[in-house]
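Peer 1: Quick one: this structure, given as structure tokens, is what I'll be asking you about.
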Amino acid sequence: MRTQVAIIGGGPSGLLLSQLLHKRGIDTVVLERKTKDYVLSRIRAGVLEVGFVNLMREAGVAERMDEECFVHDGTVISRDNEQFGINFKELTGSHVVVYGQTEVTRDLYAAREAMDGKIIYEVEGVVIHGADGDAPCVTYEKDGTEHRIDCDFVAGCDGFHGVSRQTIPLTLRKEYEKVYPFGWLGILSETPPVHEELIYASSERGFALCSMRNENLSRYYIQCSLSDSPDDWTDAAFWEELKRRIPEEAAERLVTGPSIEKSIAPLRSFVTEPMRWGRLFLCGDAAHIVPPTGAKGLNTAASDIHYLYHGLVQHYLDKDDEGIERYSERALARIWKAERFSWWMTTLLHRFPDQSEFDLRIQAAEVAFLRDNRAAQTVLAENYVGLPY
Ligand code: APR
Ligand code: PHB
């Protein structure tokens, strides 16, 4: 088989790139290790920057999102029992959109399938060959048979545990990592959200987040120990702990119910450099991870896709390689800013096991400064709604 761009990974990064390139007449094949149902069973964050929404529109897959999403003009921050709002609209003129990542992925699959896009599921043993030469190819196994795809470029959209990043020789690759000493226990419940905006809550018992998917589907998280397992937490224990971490007024309004999903995610910051090796480009989680505080996971993937998409269009339609040559530099410049923001929000709002009394006072002072200072709020708001591409 031959294609122009072989895309490894059928998560949101790979699917969005495939759909955008298809719209410009550039042929792709997507190789996915799992089944479509498995990919759609993964629950991820649900806050989208306007930049991401615009890419979905450009890809022609925003119809359902535009109809069903919720526009959020601000968010709430609390520390212990005190809360204040950050008004994105007033501070930046922009907003974010709440629409689940699972729904984004579902819409992208529907669009690719409607256009007979080539997505090959349940592939095994993907190997990328000759990425540093002129004629790369990808081999894989499907149903016990070996296949080969010849291509011009390979997009490594295969997430943190994929093969693409590992294909870049260790001597050329540098990885930066910070692992946080706690996780997030998250539940999904068919209950109305406690508030119309998200609440990021810092408390002496640890962090908590009140989020949502729609009017009758809420997503809540609490900071937990890395040694906890979801089975250690009954629904009742979860609700009890959540109520103790959010402002009293919100705790009184909170509607509880059975969880329909419960899981623990560790928190990590990670970046690999460079994001390009010859004709191989890394995108999304394959190249970087952020802790979820600030919801930048999918949004950082989106800016990579933006830069790569434009670079490939420039290559094929304008015969100009400037965009692909500068891909890594451009993508990383924005990624590091999102890494800083996610690290900062995590540090500001969580309790760390080794925090001294001094550290706690500094943290409290920083939250108070944010509460009282418009410039500090603007910094948060500009980063939260998304820095320009
Ligand atoms: N071969 C083929 N497919 C693979 C391989 C492989 N060797 N390894 C991983 N994959 C697939 C995974 O099964 C997954 O469906 O690549 C896909 C990667 O998807 P994601 O992990 O969702 O990563 P990405 O598309 O970059 O999305 C970034 O989604 O994962 C969240 O937190 C992340 O919000 C961020 C966004
Ligand atoms: C979510 O809705 O799952 C969510 C929202 C905001 C975050 C993280 C997760 O910062």
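The values are calculated or read from the model by the stated rules, or taken from the named source; none is laboratory data. Since we're looking at a predicted model, the values are computed, not measured. Counting neighbours? That spans all protein chains shown, and the Cβs are built from the backbone with ideal geometry, glycine included. Only protein heavy atoms, including side chains, enter the accessible area calculation; ligands, DNA and RNA are left aside. Shrake-Rupley method; radii C 1.70, N 1.55, O 1.52, S 1.80 Å.
Peer 1: Name the residues in the stretch 155-190 that are of a type in the set (Gly, Ala, Ser), within 25 Å of Leu348 (Cα to Cα) and crowded, with 22+ Cβ neighbours inside 10 Å, would you?
Peer 2: Once the filter is applied, which keeps residues that are of a type in the set (Gly, Ala, Ser), within 25 Å of Leu348 (Cα to Cα) and crowded, with 22+ Cβ neighbours inside 10 Å, the stretch 155-190 yields only Gly186.
Peer 1: Would you point out which residue out of Ala364, Ala338 is assigned to a helix (DSSP H, G or I) and surrounded by 15 or more Cβ atoms within 10 Å (Cβ to Cβ)?
Peer 2: That would be Ala338, the only listed residue that is assigned to a helix (DSSP H, G or I) and surrounded by 15 or more Cβ atoms within 10 Å (Cβ to Cβ).
Peer 1: Ok, one more. Scan the stretch 16-50 for residues that are closer than 30 Å to Leu380 by Cα and either of a type in the set (Gly, Ala, Ser) or open to solvent by less than 30 Å² (accessible area, probe 1.4 Å) (or both) and jot them down.
Peer 2: Once the filter is applied, which keeps residues that are closer than 30 Å to Leu380 by Cα and either of a type in the set (Gly, Ala, Ser) or open to solvent by less than 30 Å² (accessible area, probe 1.4 Å) (or both), the stretch 16-50 yields Leu16, Leu17, Ala45, Gly46, Val47, Leu48, Glu49.
Peer 1: Restricted to the stretch 266-297, and to residues that are in a helix (DSSP H, G or I) and buried (at least 24 other Cβ atoms within 10 Å of the Cβ), which residue is farthest from ligand 2 (Cβ to nearest atom)?
Peer 2: If we take residues in the stretch 266-297 being in a helix (DSSP H, G or I) and buried (at least 24 other Cβ atoms within 10 Å of the Cβ), then Ala286 is farthest from ligand 2 (Cβ to nearest atom).
Peer 1: I need the full set of residues from the stretch 104-131 which are in a loop (DSSP other than H, G, I, E, B), aliphatic (A, V, I, L, M) and within 13 Å of ligand 1 (Cβ to nearest atom), in order please.
Peer 2: Val123
Rundown of residues vs (1) under 20 Å from Ala45 (Cβ atoms); (2) small (Gly, Ala, Ser), yes/no style:
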{"site": "Arg112", "(1), (2)": "no, no"}
{"site": "Thr171", "(1), (2)": "no, no"}
{"site": "Ile187", "(1), (2)": "yes, no"}
{"site": "Glu190", "(1), (2)": "yes, no"}
{"site": "Ala208", "(1), (2)": "yes, yes"}
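Peer 1: When only residues in the stretch 191-223 that are open to solvent by 10 Å² or more (accessible area, probe 1.4 Å), farther than 22 Å from His95 by Cα and in contact with a strand residue (DSSP E or B) (Cβ under 6 Å, 6 or more places away or on another chain) count, which is farthest from ligand 1 (Cβ to nearest atom)?
Peer 2: Gln223
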